[in-house]
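The next block holds one structure in the form of structure tokens; read it before the comments.
Quick note: the coordinates plus some simple rules give every number you see, no bench work behind them. Just so it is clear, the structure is predicted and the values come from calculations on it, not from any experiment. Reconstructed Cβ throughout: ideal geometry from the backbone, glycine too, with neighbour counts over all protein chains shown.
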Amino acid sequence: MLKACWRNLRYILDHKLNVLVECWIEGLYIQGITHDLSKF
């Protein structure tokens, strides 16, 4: 069970990082930082 929680957390953090990088490239700085804040 704990392993599944860690896997999900890693997935969410990887997703947030990828979105941040892509938004930063497009100039959407605030959207990149605030994306998916409800997940935490």
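Just a few scattered comments:
- Computed [θ] at 222 nm, deg cm²/dmol, the chain (DSSP H ≥ 4; -39,500 (n - 2.57); rounded to nearest 500): -25500 deg cm²/dmol
- Projecting the Cα atoms of 27, 5, 15 onto the charge dipole of the chain (Cβ charges, centred on the Cα centre) puts 5 farthest toward the positive pole.
- Evaluated with a Cβ-only charge set (Lys, Arg +1; Asp, Glu -1), the chain carries a dipole of roughly 320 debye about its Cα centre, given to the nearest 20.
- Charge tally in the Cβ shell below 15 Å around residue 18, where Lys, Arg are +1 and Asp, Glu are -1, residue 18 excluded: -1
- In plain terms, the residue of 23, 5 with the fewest other Cβ atoms within 10 Å comes first and the most crowded comes last, giving 5, 23.
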